[in-house]
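One structure is given below, encoded as structure tokens.
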């Protein structure tokens, strides 16, 4: 069964790029365009991973993260933050909050896929055979 990934980003081109790359790697994709819908979709769908934009309408990614981590239903879902406004300070903050990863836009599709696989625990087989 394919792993389900929620992409929460308000930029349609970014969503399209991420979704096409993940679909090509056999992941099921769910999309949310704002913070409220991201929380709602995460609660309904219980995705295996969330790729979450930091700056979005209706509250932003940090508030989505906090809401999801407060709920027993969604607190264990790994979250990778994505942002067009990266800084070391922001990266350190989200990693200390418990994020699984941090990606700066524009991003390299291979790096994104590597972080997704790592967050989902899918890179372990490769390491064991090396």
Overall dimensions of the chain as given by Cα atoms, namely Rg and Dmax in Å: 13.7, 45
Relative intensity, log₁₀ I(q)/I(0), of the range 23-82 from a Debye sum that treats every alpha carbon as a point, q = 0.13, 0.19 Å⁻¹: -0.29, -0.62
Cα-based equivalent ellipsoid, the range 74-123: semi-axes from gyration tensor eigenvalues, Å: 17, 16, 8
Ordering of 17-28, 2-13 by packing [mean C-beta count within 10 Å, highest first]: 2-13, 17-28
Fewest-first sequence of 34, 53, 123 by Cβ atoms within 10 Å of each Cβ: 123, 34, 53
Per-residue [θ]222 nm for the chain (sum of -39500 (n - 2.57) over DSSP H runs n ≥ 4, rounded to 500): -14000 deg cm²/dmol
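Grab the Cα-Cα distance for residue 44 and residue 111, subtract it from 0.36 nm times how many residues apart they are, and report the gain in nm with one decimal. The partial results should precede the final answer.
On the way: separation 67, 0.36 × 67 = 24.12 nm, distance 2.84 nm.
Separation in residues times 0.36 nm, less the Cα-Cα distance, equals 21.3 nm.
Using R₀ = 30 Å, calculate the FRET efficiency as 1/(1 + (r/R₀)^6) where r is the Cβ-Cβ separation of residue 55 and residue 26; round to 0.05.
Numbers: r = 30 Å, r/R0 = 0.99.
With a Förster radius of 30 Å, E is 0.50.
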Contour minus Cα-Cα distance for residue 95 and residue 72 (0.36 nm per residue): 6.3 nm
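Every read-out reported here was derived from the displayed coordinates using simple, explicitly stated rules and does not represent laboratory data. Note that the structure is predicted; figures quoted are calculated from it, not measured. Note: ideal-geometry Cβ built from the backbone for every residue, glycine included; neighbour counts use all protein chains shown.
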